[in-house]
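Notes to accompany the following structure.
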Amino acid sequence: MVSGLARGVDTAAHQGALMGGTIAVVAGGLDIYYPRENEELQKSISEQGLLVSDEPLGVQPQARHFPKRNRIISGLSLGILVVEAAQRSGSLITARLAGEQGREVFAIPGSPLDPRAKGANALIKSGATLVESSADILDALAGLQTPLAEPEGPAYGRQSLPVTEDISAQDRQTLRDLLSPTPTRIDDLARDAGLDIGIVLTALLELELAGTVERLPGSKVALCGASF
């Protein structure tokens with residue numbers, strides 16, 4: 001079981017899987033306890049499971065680290081289960097990354113009147129596997145216990161994010177200045193900004209997590225609020 005050691009569902013999932021094997025992918029250095037209340041759980045995972053981070057020791061988690069963390073979570077997994085997600089949730093971005101990486105996407109349905117269930121319900125409408133019990137997941141993954149092949153698909157899904165290079169404030173501002181409510185192709189955005197595609201993808205994930213931009217069909221992005 002792979003998750004991000006966040007509060008709530010992540011914490012409960014790690015606790016439940018601790019004896020059987022769990023991997024926690026954290027957004028800061030491996031020696032940083034975040035959230036602080038999960039310090040003992042993180043120590044237990046380091047002894048009984050596996051801790052993974054893309055950041056050096058001593059680095060505090062920052063907003064720009066979470067897109068890379070989410071991509072690692074989906075990359076390490078055979079499938080992603082979304083238990084609860086609002087309409088704009090980081091869990092939905094992780095689910096999209098999983099789909100682009102060729103992983104299975106699962107979701108637990110909720111009441112249409114509950115805003116915390118809107119994201120999961122939308123995933124099911126889009127083709128995610130509806131989950132009512134663990135058997136639904138085990139049945140779907142029964143034939144996937146072998147290494148996954150490189151998925152075919154758009155470059156956006158296969159492009160590796162930069163591992164050690166941070167995005168400068170100037171690069172972020174350049175991208176923000178180029179974005180508008182009019183949908184723009186990601187490769188055109190990278191060309192106009194004069195930036196490496198990996199840096200552009202990372203910056204766009206940060207903006208998507210912040211609710212500033214939205215992904216659109218055709219590998220396009222636009223500032224939120226566009227009606228196209």
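Which condition number does Leu195 fail, the rest of (1) in a helix (DSSP H, G or I); (2) without any contact (Cβ under 8 Å) to a residue 40 or more places away in the chain being met?
(1)
Among the residues of region 1-27, which ones are buried (at least 19 other Cβ atoms within 10 Å of the Cβ) and out of contact with any strand residue (DSSP E or B) (no Cβ under 7 Å at 6 or more places or on another chain)?
Passing the criteria: Ala6, Thr22, Ala27.
When you scan region 1-118 for strands (runs of 3 or more DSSP E) that lie fully inside it, which ones turn up with 2 or more residues that are within 23 Å of Ile167 (Cβ to Cβ)?
In region 1-118, the matching strands (runs of 3 or more DSSP E) lie at 23-26, 50-53.
When you scan region 39-54, do you find a residue that is among the hydroxyl-bearing types (Ser, Thr, Tyr), surrounded by 20 or more Cβ atoms within 10 Å (Cβ to Cβ) and within 23 Å of Cys224 (Cβ to Cβ), even just one?
No, the conditions are met nowhere in region 39-54.
Only residues that are under 23 Å from Lys118 (Cβ atoms) and surrounded by fewer than 16 Cβ atoms within 10 Å (Cβ to Cβ): list them for region 64-98, please.
Matches in region 64-98: Ala86, Gln87, Arg88.
Please verify whether region 176-183 includes one or more residues that are at pLDDT below 90, under 25 Å from Gly99 (Cβ atoms) and either in contact with a helix residue (DSSP H, G or I) (Cβ under 9 Å, 6 or more places away or on another chain) or exposed (fewer than 13 other Cβ atoms within 10 Å of the Cβ) (or both).
Scanning region 176-183 turns up no residue that is at pLDDT below 90, under 25 Å from Gly99 (Cβ atoms) and either in contact with a helix residue (DSSP H, G or I) (Cβ under 9 Å, 6 or more places away or on another chain) or exposed (fewer than 13 other Cβ atoms within 10 Å of the Cβ) (or both).
The values are calculated or read from the model by the stated rules, or taken from the named source; none is laboratory data. These numbers come from a predicted model, not from an experiment. Glycine also receives a Cβ, built like all others from the backbone with ideal geometry; neighbour counts cover every protein chain displayed.
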